[in-house]
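Everything below concerns the one structure shown next.
The values are calculated or read from the model by the stated rules, or taken from the named source; none is laboratory data. It should be emphasised that the depicted structure is a prediction, and the values quoted were computed from it without experimental measurement. Quick reminder, even Gly has a Cβ in these numbers, built from the backbone with ideal geometry, and neighbours come from all protein chains shown. These area figures cover heavy atoms from the full protein model, side chains too; ligands, DNA and RNA do not enter into them. Shrake-Rupley method; radii C 1.70, N 1.55, O 1.52, S 1.80 Å.
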Amino acid sequence: MAVNRQKLKLLYLMQMLLEETDVEHGLSMPDIIARLGEQGVGAERKSLYRDIESLREFGLDIRVYHRAPAEYAIATRDFDLSELALMVNAVQSLRFLSERKAKSLVNSIKGLASSPQRAALDRQIHVEGRVRLQSESVFFAVDCIHQAIAGKRQLCFVYCDYDVNKNRVPRKDERIYQETPVRLICSEGNYYLAAYNEKHARIVIYRVDRMAKVRVSDHPASRNEVIANFDVTKYENRSFSMFGGKAVPVTMTVAKEAMNAVIDRFGRDVHVVAIDADRARVSAVVMISPTLYGWLAQFGSQIQVEQPRELVEGYREHLQNILETLK
């Protein structure tokens with residue numbers, strides 16, 4: 001059945017305005033008539049004025065910009081260029097995305113922009129060459145996790161590590177982990193699962209890209225105070241690279257050269273008391289882990305741990321073990 005292309009005029013008009021115009025770039029009436037002609041649709045100015053008014057009533061913010069000649073353009077979009085660029089940057093920072101999936105998501109974001117905005121985004125996009133996990137199994141795992149949380153069911157999976165040949169090897173002879181999923185966390189470009197471990201009666205953190213054979217269990221999820229009181233924000237603020245450990249209050253002497261990093265890490269609400277013009281005493285709660293020691297080590301003498309002694313001794317032993325390897 002032949003399509004009456006004239007009936008498609010309003011749709012073609014809406015499409016070209018959405019795809020080609022923004023506040024800085026518009027289409028003149030001759031441009032619009034010519035583009036409709038390329039689609040086999042004839043149009044007169046009077047009818048186009050009515051069509052534009054209909055699209056305004058439909059909700060499109062179409063404005064006339066009195067340039068030479070006057071141009072019609074979409075003035076307001078769901079996302080402006082800076083917001084689209086922010087989304088593109090967020091996608092690029094996610095290490096669990098394969099290069100193919102990253103490109104696909106970036107193209108979807110670009111579809112929300114006008115063609116001039118897409119050109120501007122292209123100049124900012126760099127996907128190739130980033131360190132990526134090159135696996136899309138993460139999306140299946142994330143879907144299972146969402147299903148388990150929504151259905152109040154436990155989650156079954158095998159947890160893996162990489163061996164010296166870069167092969168992903170299951171831990172503990174492919175033992176099936178069966179735990180209650182609590183929260184899915186995106187941190188430092190990776191997805192993590194916070195799950196309640198029955199054996200240890202505490203929350204344990206797993207890297208989602210290292211989970212295999214993920215499935216939703218028929219067993220109901222656990223319900224207890226540990227799960228109900230889990231505060232993901234507090235956990236992220238206390239842990240380093242999502243490594244769990246014993247939470248302890250720490251007191252540190254911090255040189256002014258390291259204060260930017262301390263505020264970046266703990267936030268502006270961290271308790272700070274100035275000692276003098278060059279030093280401050282900082283108090284926070286941290287989880288003792290090798291990643292905490294690594295974070296401290298990068299500052300050398302600019303950060304000195306005062307308390308607790310447990311952390312001081314652990315940090316000293318960590319550094320001594322490193323020195324031993326350099327002999």
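Size of the dipole of the chain about the Cα centre, Lys and Arg at +1 and Asp and Glu at -1 on the beta carbon, nothing else charged, in debye to 20?
700 debye
Take the Cα atoms of region 217-327, find their three principal axes, and give me the spread along each one in whole Å, biggest first.
Taking the Cα atoms of region 217-327, the three principal extents are 57, 40, 22 Å.
Among the lysines, which fall within straight-line cross-link reach of K101, defined as a Cα-Cα distance under 18 Å, with same-chain neighbours fewer than 8 residues apart omitted?
Partners within reach: K110.
As I understand it, the value is the acute angle between the Cα axis of helix 99-110 and the longest principal axis of the Cα atoms of the chain; what does it come to in degrees, rounded to 10?
For 99-110 against the chain, the angle is about 50 degrees.
Using Cα pairs closer than 8 Å and at least 6 residues apart in sequence, work out the relative contact order for the chain, in percent.
Relative contact order for the chain comes out at 11 percent.
Separation between the K152 and R316 pseudo-spin-labels, each 7 Å from Cα along Cα→Cβ, expressed in nm?
5.2 nm
Compute the accessible area per residue over the chain, keeping the other protein chains in place, probe 1.4 Å, unit Å². Please list the in-between numbers first.
On the way: 19220 Å² over 327 residues.
Heavy-atom accessible area per residue stands at 59 Å².
Could you tally the net charge around R56, taking each other residue with its Cβ under 13 Å from the Cβ of R56, Lys/Arg +1 and Asp/Glu -1?
Summing Lys/Arg as +1 and Asp/Glu as -1 gives -2.
Assuming R0 = 22 Å, can you tell me the calculated FRET efficiency for the pair K199 and D161, based on Cβ-Cβ distance, to the nearest 0.05?
Computed FRET efficiency for K199 and D161: 0.65.
Taking Cα atoms, how many degrees apart are the long axis of helix 29-38 and the longest axis of the chain, rounded to 10 and kept between 0 and 90?
Its long axis makes an angle of about 90 degrees.
Here are some pairs, K172/K213; K199/K246; K172/K246; K9/K46; which of them have Cα atoms lying more than 20 Å apart in this structure?
In this structure, K172/K246 exceed 20 Å between Cα atoms.
What's the local net charge at R183, with K and R +1, D and E -1, over the other residues with C-beta under 11 Å away?
Summing Lys/Arg as +1 and Asp/Glu as -1 gives -2.
Express the carbon and sulfur contribution to the solvent-accessible surface of the chain as a percent, rounded to the nearest whole number, probe 1.4 angstrom. Intermediate results must be reported in sequence, preceding the final value.
Numbers: 9760 of 19220 Å².
Percent of accessible area from carbon and sulfur atoms in the chain: 51.
Quick one: go through region 304-327 and flag any residue whose amide nitrogen is under 20 Å from the point 7 Å out along the Cα-to-Cβ line of F243.
Output list for this probe position: 304-326.
Counting pairwise Cα distances across the chain, what percent come out greater than 34 angstrom?
Summing the P(r) tail past 34 Å for the chain gives 51 percent.
Checking the cross-link filter: which aspartates and glutamates have an alpha carbon closer than 16 Å to that of K256, excluding same-chain neighbours under 8 positions apart?
D264, D276, D278
Report, to two decimal places, the Cα Rg of region 40-93 normalised by 2.2 N^0.38 Å (N = number of residues).
Dividing the Cα Rg of region 40-93 by 2.2 N^0.38 Å gives 1.60.
Can you tell me the length gained on complete extension of the stretch E24 to L8, counting 0.36 nm per residue apart and subtracting the Cα distance?
In short, 3.1 nm is gained.
Put +1 on the Cβ of each Lys and Arg and -1 on the Cβ of each Asp and Glu in the chain; which of A261, H66, H318 then has its Cα farthest toward the positive end of the dipole?
Checked the options; the winner is H318.
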